[in-house]
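A short write-up of the structure that comes next.
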Amino acid sequence: MAATVFGQVTRRVGAIVAALAVGIGTASAATAAPPPEGARYIALGDSYAAVGGLAPIAPGSAEDCGQTVNNYAHIVAEAKGYELTDVSCGGAKTKDMYERQKEWTPPQLDALTADAELVTVMIGGNDSDVFGGTVENCIKATFQLPIIDAPCTHRIGEAPITTVREVTYPAVKQVLTSIREKAPAARVLIVGYPWLVPAQGECLPQMPVLASDMPYFRRLQSELNGAAARAAEETGAEFIDMSAASEGHDPCKPPGARMVEPILLTDHPVPLHPNAYGQQAMASQILAHL
């Protein structure tokens, strides 16, 4: 039984890592409809910005980026009447703001214009494989013999947290600085990641993380969101904090109550990513901030 569960987990984690590394889904070849008249809004980011559950792929979006028609950028644009350019893409790292992530996707910062009124970005989780790599290593540590308490805490240790402080934070800060240079008149919002694990307890098997390791994951995610918040403060950007809004809506909660899907026992095409409810919640926080 343990071997069977481990095999299922390994396959699902493989799906997560692959999605984070190369993008998600296949885009329609259809041409996007003409945007409405209104102020220009540019959306940048990774798969958490792009993916909205089982919704259709956004027409005209880049191949394999996984943008759905109900991601927070589309919701905000429709609500405010913005002319949206969404270049968010599954697997994006901070370096993909400046260089091609794929042969057919220009650097995301190339989408910025001097007349942009609003820019949102959600980035940092893929840098140094902080999300996917730590999840994968944690699950391996959990199943590693001998079984110990808090295996992720003890077997992975401080390395990912140190990486966020020393590598991810300055990279995110540089992205925000570059956005300001290219879109000097825009309001720049960086969106924080919703909680991936509960504050306490566990929910095996859908999230194969022990209760004793939940504080470790919360601390890692707090460090990542804290890096985004500090970078925003130091560059004149604005941080959209999802921690309070997503508390109690983590992957351990039942369908309809969770904002992010679990690793196992979900029909979501990409596990450990926002569903439609999660995208709506992020859009609501952005709209409230605006």
Please enumerate the residues belonging to segment 271-289 that are of a type in the set (S, T, N, Q) and outside any helix (DSSP H, G or I).
Asn275
Can you tell me which condition Met214 does not meet? The list is (1) part of a helix (DSSP H, G or I); (2) of a type outside the set (Ser, Thr, Tyr); (3) surrounded by fewer than 18 Cβ atoms within 10 Å (Cβ to Cβ), and all the others hold.
(3)
Name, by its number, the condition in (1) in a loop (DSSP other than H, G, I, E, B); (2) in contact with an Asp or Glu (Cβ under 9 Å, 6 or more places away or on another chain) that does not hold for Glu136.
(1)
As an exercise: evaluate Ile148 against (1) among the hydrophobic types (A, V, I, L, M, F, W, C); (2) under 30 Å from Glu78 (Cβ atoms); (3) not in a helix (DSSP H, G or I) and give the number of the one condition it does not meet.
(2)
Scan segment 202-213 and report the pairs whose first residue is in contact (Cβ under 8 Å) with a residue 24 or more places away in the chain and whose second residue is assigned to a strand (DSSP E or B), with Cβ atoms within less than 9 Å and a gap of 6+ or a chain change.
Val209/Cys203
Hits in segment 218-259 (condition: more than 20 Å from Ile190 (Cα to Cα) and in contact with a strand residue (DSSP E or B) (Cβ under 7 Å, 6 or more places away or on another chain))
Asp250, Pro251, Cys252
Which residue, of Val17, Val69, Val5, Val51, is surrounded by fewer than 21 Cβ atoms within 10 Å (Cβ to Cβ), of a type in the set (A, V, I, L, M, F, W, C), within 25 Å of Ile179 (Cα to Cα) and modelled with pLDDT under 95?
Val69
Residue check, Tyr169 against (1) of a type in the set (Ser, Thr, Tyr); (2) in contact with a Lys or Arg (Cβ under 7 Å, 6 or more places away or on another chain); (3) within 27 Å of Arg40 (Cα to Cα), all met but one. Which one?
(3)
Pair list, Cβ under 8 Å, 6 or more apart: segment 143-169 residue modelled with pLDDT under 95, other residue among the hydrophobic types (A, V, I, L, M, F, W, C) and surrounded by fewer than 18 Cβ atoms within 10 Å (Cβ to Cβ):
Phe143/Ala2; Phe143/Phe6
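Take Asp115 and decide whether it is surrounded by fewer than 21 Cβ atoms within 10 Å (Cβ to Cβ), at positive phi, of a type outside the set (Ser, Thr, Tyr) and out of contact with any His (no Cβ under 7 Å at 6 or more places or on another chain).
Details: surrounded by fewer than 21 Cβ atoms within 10 Å (Cβ to Cβ): yes; at positive phi: no; of a type outside the set (Ser, Thr, Tyr): yes; out of contact with any His (no Cβ under 7 Å at 6 or more places or on another chain): yes.
Criteria not met by Asp115.
Suppose we keep only residues that are over 14 Å from the mean Cα position of the chain (by Cα) and without any contact (Cβ under 8 Å) to a residue 40 or more places away in the chain within segment 223-247. Which one would you say is farthest from Met122 (Cα to Cα)?
Step one: of segment 223-247, the residues over 14 Å from the mean Cα position of the chain (by Cα) are 223, 226-227, 229-239, 244-245, 247.
Add one more test, that the residue is without any contact (Cβ under 8 Å) to a residue 40 or more places away in the chain, and what stays is 226, 229, 233, 244.
On the way: Gly226: 13, Ala229: 12, Glu233: 15, Ala244: 17 Å.
Across segment 223-247, the extreme among qualifying residues is Ala244.
Can you name every residue in segment 167-211 that is assigned to a helix (DSSP H, G or I), charged (D, E, K, R) and over 19 Å from the mean Cα position of the chain (by Cα)?
Restricting attention to segment 167-211, the residues satisfying the condition of being assigned to a helix (DSSP H, G or I) are 167-182, 211.
Add one more test, that the residue is charged (D, E, K, R), and what stays is 173, 180-182.
Hits for segment 167-211 are Arg180, Glu181, Lys182.
Keeping to segment 78-106, report how many residues are under 22 Å from Thr68 (Cβ atoms), part of a loop (DSSP other than H, G, I, E, B) and more than 15 Å from the chain's Cα centre (by Cα). Steps first, please.
So the first thing to find is which residues in segment 78-106 are under 22 Å from Thr68 (Cβ atoms), and the list is 78-93, 96-97, 101-102, 104-106.
Applying the additional criterion that residues be part of a loop (DSSP other than H, G, I, E, B) yields 81-82, 87-93, 101, 104, 106.
Going one step further and asking which of them are more than 15 Å from the chain's Cα centre (by Cα), we end up with 81-82, 101, 104, 106.
Total meeting the criteria: 5.
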Looking at segment 228-285, which of its residues are closer than 26 Å to Ile139 by Cα and aliphatic (A, V, I, L, M)?
Met242, Ala257, Met259, Val260, Ile263, Leu264, Leu265, Val270, Leu272
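The values are calculated or read from the model by the stated rules, or taken from the named source; none is laboratory data. Bear in mind the structure is a predicted one, so any value in this text is a computation, not a measurement. Quick reminder, even Gly has a Cβ in these numbers, built from the backbone with ideal geometry, and neighbours come from all protein chains shown.
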